[in-house]
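Everything on this sheet refers to the single structure shown next.
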Amino acid sequence: MSQQTAPVPAGFSDQQLHTLFDLISDGIWDWNANTGYVYRNPGWYAMLGYPSHSLANSVLTWESVIHPEDYPRVMAHFEAYLNQRNERYLVEYRCRCHDGSYLWVEDSGYIIARNEDGSVARMLGAHRNIDAGKRLVAQLEQKNLSLEGLVAERTRELSWVNEQLQRQLEENRELAERDALTRIANRYRLEKALNRECERAQRFRQPLALIAMDLDDFKPINDRYGHAQGDAALVRVADSLRTCLREPDVLARLGGDEFILVLPQTSLDEALEVAARLRQVMAAVEPVGECRLTMSYGVVQWQPGEDQHALLTRADQALYRAKDAGKNAIAG
């Protein structure tokens, strides 16, 4: 890779050239590589805050003011230019000022003379103050980082708010489908579940059973002991019935003291066994005063083509038969 050597204007002596440099406000330097002498104009000293011509006229002065972090990079670039691996010498770095602070400069230079062996004889260059621009870029980058951080923070906040809203929606949905007193499924959820299970039974030809349950002689309990005691009894009953549930089963309160248990993939015989377990569980429920808590059970199995309303109607009819059989009974 070849380099052009810039000639000094004809008719200029070194003294005249340095006089011209003194009139230039930018930092100008003139390096005589054969003697090691480096001339720096007053503009160079003024830029860095040093008294004019107060530092040694050698390359050591230049090396001493380069920021330690920038030094290896600058020297590598300088040597690459001297050895003709780079076409030009142009590099940005920080220089130490007289007050100890650092100033960003753009350093550019040209070889104006070489020795017969090709080594550098003389080189001229300039230090241009680019500190304001560098600091502005740094500020903009910092603001950009701050903005990115702000965006990330807002994104996290929005994500958190979205999670809270989603959780709230799920809680509201859960509340909308649960009985306020017993916390089991309400009529709305029962209708959804029963419709889904009837369609599934029809589609996959799987068994489906239903148990309609009603507390025996519950009204006298409310009349004698009050509705607060009656409500507490309903909660105890729901908690006891829940112990017999499998994962896919749905226990719902239709209202008052009437409950429905949906049993997917369950035959009539299996549902009758479930009803028997429910009756055993009910035997252990704490009574209300002198009144024992018992239930009657109407057990039915879904029939092909039957919708949820027809299935519920047959379960109610079976429940009435259980009541007629003396209560605390199971009818299928």
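Observations
- Residue in region 290-303 that is in the same structural domain as residue 217 (by TED's automatic domain parsing), of a type in the set (A, V, I, L, M) and farther than 16 Å from residue 211 by Cβ present: yes
- Answer from 76, 121, 56, 33 - the residue that is more than 46 Å from the chain's Cα centre (by Cα) and free of Cβ contacts under 8 Å to residues at least 12 places away in the same chain: 56
- Hits in region 77-87 (condition: in a helix (DSSP H, G or I) and surrounded by 13 or more Cβ atoms within 10 Å (Cβ to Cβ)): 77, 78, 80, 81, 82
- Restricting attention to region 265-309 and to residues that are modelled with pLDDT under 95 and within 13 Å of residue 194 (Cα to Cα), the residue that is surrounded by the fewest Cβ atoms within 10 Å (Cβ to Cβ) turns out to be 309.
- If only residues of region 59-73 that are closer than 17 Å to residue 131 by Cα and surrounded by fewer than 17 Cβ atoms within 10 Å (Cβ to Cβ) are counted, the one that is farthest from the chain's Cα centre (by Cα) is 67.
- Hits in region 243-286 (condition: of a type in the set (Asp, Glu) and within 17 Å of residue 233 (Cα to Cα)): 257, 258, 286
For (1) at pLDDT 80 or above; (2) within 22 Å of residue 50 (Cα to Cα); (3) surrounded by fewer than 15 Cβ atoms within 10 Å (Cβ to Cβ), each residue gets a yes or a no:
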residue: 94; (1), (2), (3): yes, yes, no
residue: 103; (1), (2), (3): yes, yes, no
residue: 115; (1), (2), (3): yes, no, yes
residue: 118; (1), (2), (3): yes, no, yes
residue: 121; (1), (2), (3): yes, no, no
residue: 124; (1), (2), (3): yes, yes, no
residue: 142; (1), (2), (3): no, no, yes
residue: 146; (1), (2), (3): no, no, yes
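- Residues being closer than 12 Å to residue 107 by Cβ, touching a helix residue (DSSP H, G or I) at 6+ places or on another chain (Cβ under 9 Å) and in a helix (DSSP H, G or I) - total across region 59-73: 1
- Residue 236 passes every criterion in (1) outside the structural domain of residue 287 (by TED's automatic domain parsing); (2) of a type outside the set (Val, Ile, Thr); (3) within 30 Å of residue 326 (Cα to Cα); (4) assigned to a helix (DSSP H, G or I) apart from (1).
- Annotation note: of 255, 226, 230, the sole residue that is touching a helix residue (DSSP H, G or I) at 6+ places or on another chain (Cβ under 8 Å), surrounded by fewer than 16 Cβ atoms within 10 Å (Cβ to Cβ) and of a type in the set (Gly, Ala, Ser) is 255.
- Qualifying residue in region 251-261 (condition: in contact with a Cys (Cβ under 8 Å, 6 or more places away or on another chain), in a loop (DSSP other than H, G, I, E, B) and acidic (Asp, Glu)): no
The values are calculated or read from the model by the stated rules, or taken from the named source; none is laboratory data. Computed from a predicted structure; not experimentally measured. In this analysis, Cβ positions are derived from the backbone assuming ideal geometry, glycine residues included, and neighbour counts consider all displayed protein chains.
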